[in-house]
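The values are calculated or read from the model by the stated rules, or taken from the named source; none is laboratory data. Here the structure is a predicted model, which means the values were calculated and not measured. Because the Cβ atoms are built from the backbone with ideal geometry, glycine has one as well, and the counts that use them run over all protein chains shown. Calculation scope for accessible area: heavy atoms of the full protein, side chains included, ligands and nucleic acids excluded. Shrake-Rupley method; radii C 1.70, N 1.55, O 1.52, S 1.80 Å.
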Amino acid sequence: MPNALANMMLLIWPLVSLLLFLRLPLERAILWCFIGGYLVLPPLAEFDLPLVPDMDKFTIPSVVAFGLCVWLLRKPVPLWPRHPLARALTILFVLCVIPTVMTNKDPVLFQVLEGAGPIVFLTDMLPGLRWRDLGSVIINQIIVLMPFLLARRYLSCEAGQKELLLALCLAGLAYSIPSLFEIRLSPQLNIWIYGFFQHDFGQMMRQGGFRPIVFLPHALWLAFFIFTSIVAAVALARAAQERERTKFALAAVYLFGVLYLCKSLASLAYGLSIVPVVALAPARWQMRLAMVIAVIAVTYPMLRNQGLIPTDAILAQAEAISTERAQSLGYRFHNEAMMLERAAEKPWFGWGGWGRNLIRDIETGAIISIPDGHWILVFGTFGWFGYLAEMGLLCSPLLLLGIEIRRRRGRDISPYSTAIALILAATMMDMLLNDTLVPMTWLCAGSVLGYAERLRDPTVFSRKRPLFQGRQILMPQPPSSTSRSRI
């Protein structure tokens, strides 16, 4: 169980964020509020408040950053994307939970029959969803979108995107120090500092050594974060001048060594396939790769649901690489198959929360399925409506940016935008294997969407009053054509 320090860290993070917003430029304050919370705050620890989602290392930075930006600094945050497709997907993402709640009012019962008699003994149950759950789920969807909205407005220009990549690079370099410590001495930092270990320790041992986890939910999450830091360092090196280019290039080489020591085959494969493209390919080819990856990520669940994915052939290829990895992949496929059968009972709107989407023993109610991929969790919880809303909202920025780059023939494009797009696409691919959708993913999606909108219309954030902004005290002013403040 988390100790007192873990709970205290969650409590003081709003104060830490306040100092960041008072002392740093807005873009950096937003970034370090999210990235710092992701890397430093304790995993699994949370505050269970009534009528609202649990407050943890993901939700607290989102609420605090959005609130400080709007109410402390009086900075406007437009709620709706300008493009009709992105706007429709945003609305669908928030409202798709309504039919989920409405179609899951009945409890899930677990029972055992005693002998041949008619008496049925209930051993356990999962409650049905109520109207109060609807409010909580909608609030959760809104909180999830907060980093997306902030990044669309303030991290979508070229300078903001450079700040995003620089923060990822510096954070990766800083986090490599505790990572190397745990690689050498075993994952102990979360135990020493927060009083508990956040996962199965056996999964941290690989190839005769240890995989680092530090304060993240799993070692795979840490390895993927190091991969994103490498992409950021390479993109910064490519855009930098001579001396700065050398520094970022050396940082990328060092981080690649850390990634190798993390012993994560998937993240290493992402690095070997994507990093050379970021370093050498023009913007149009980078976006083509990002779109290919995104299409695979979006269509895989559809093909998997129809039984069109050759899982046996994939397992055979994995067996040729590593028997241990093949066993892990086979375990994932087995759990996916079980949960797809469960989701098929309510394919359109899903089973809702309370773990109703999981496979449980019919008599005891014990969970017998362990979902890994984020897609199967979303599909089982919110059905096709929720899955298409979330994946569509993540994929649409890539589509819109690809259209703008093609329209401009790759000219006058930010050297950082396509690297962020590739990080987003790689995350979507990794979501097929792991539950790695985090607020930083939404930061990347919002940054890419906002930049695509800026390319289409440079005045998108300056010519129209935003739909949402902090309270302002309006003083009487003489009529003037310039009296209206511009964003």
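Before moving on, here are some points about what is shown:
- Counted residues, the range 176-205 - those being under 23 Å from the mean Cα position of the chain (by Cα), of a type outside the set (S, T, N, Q) and farther than 27 Å from V253 by Cα: 3
- For the range 232-252, the condition holds for at least one residue, the condition being that it is of a type in the set (A, V, I, L, M), under 17 Å from T441 (Cα atoms) and open to solvent by less than 70 Å² (accessible area, probe 1.4 Å).
- Among the residues of the range 373-387, at least one is open to solvent by 70 Å² or more (accessible area, probe 1.4 Å), among the hydrophobic types (A, V, I, L, M, F, W, C) and in contact (Cβ under 8 Å) with a residue 60 or more places away in the chain.
- Any hit, the range 189-202, residues being aliphatic (A, V, I, L, M), within 17 Å of L268 (Cβ to Cβ) and outside any loop (DSSP other than H, G, I, E, B): no
- Residue match in the range 256-270 (condition: free of Cβ contacts under 8 Å to residues at least 12 places away in the same chain and either open to solvent by less than 30 Å² (accessible area, probe 1.4 Å) or outside any helix (DSSP H, G or I) (or both)): no
- For the range 287-339, a residue qualifies if it is open to solvent by 40 Å² or more (accessible area, probe 1.4 Å) and outside any helix (DSSP H, G or I), and the qualifying residues are Q306, G307, L308, P310.
- Residue within the range 139-146 that is assigned to a helix (DSSP H, G or I), modelled with pLDDT of 95 or more, open to solvent by 30 Å² or more (accessible area, probe 1.4 Å) and farther than 30 Å from M102 by Cα present: no
- Restricting the range 176-188 to residues that are in contact (Cβ under 8 Å) with a residue 24 or more places away in the chain and not in a helix (DSSP H, G or I), the residue that is surrounded by the fewest Cβ atoms within 10 Å (Cβ to Cβ): S186
- Filtered residues of the range 7-44 (kept if in contact with a Phe, Trp or Tyr (Cβ under 7 Å, 6 or more places away or on another chain) and either at pLDDT below 95 or under 22 Å from N140 (Cβ atoms) (or both)): L10, I30, G37, L41, P42, P43
- Which numbered condition L250 misses (of (1) within 19 Å of A419 (Cβ to Cβ); (2) of a type outside the set (D, E); (3) touching a helix residue (DSSP H, G or I) at 6+ places or on another chain (Cβ under 6 Å)): (3)
- Selection within the range 326-351 - under 24 Å from the mean Cα position of the chain (by Cα) and among the basic types (K, R): R332
- Residue pairs whose Cβ atoms lie under 6 Å apart, sitting 6 or more positions apart in sequence or on different chains, and linking a residue in the range 207-218 that is under 12 Å from L261 (Cβ atoms) to a partner that is at pLDDT below 95 and not hydrophobic (A, V, I, L, M, F, W, C), are Q207/K263; F210/S186; R211/K263.
- Residue within the range 432-445 that is within 18 Å of the chain's Cα centre (by Cα), more than 23 Å from Y270 (Cβ to Cβ) and either of a type in the set (V, I, T) or open to solvent by less than 10 Å² (accessible area, probe 1.4 Å) (or both) present: no
- Per this entry, F210 is not counted among residues that are over 30 Å from L398 (Cβ atoms) and either surrounded by fewer than 16 Cβ atoms within 10 Å (Cβ to Cβ) or under 24 Å from the mean Cα position of the chain (by Cα) (or both).
- Qualifying residue in the range 274-281 (condition: over 19 Å from L170 (Cβ atoms) and surrounded by 21 or more Cβ atoms within 10 Å (Cβ to Cβ)): yes
- Residue match in the range 340-359 (condition: touching a residue at least 60 places away in the same chain (Cβ under 8 Å) and over 17 Å from V97 (Cα atoms)): no
- Of all residues in the range 54-102 being of a type in the set (G, A, S) and more than 17 Å from the chain's Cα centre (by Cα), the one that is farthest from L18 (Cα to Cα): A88
- Restricting attention to the range 340-395, the residues that are outside any helix (DSSP H, G or I) and among the small types (G, A, S) add up to 9.
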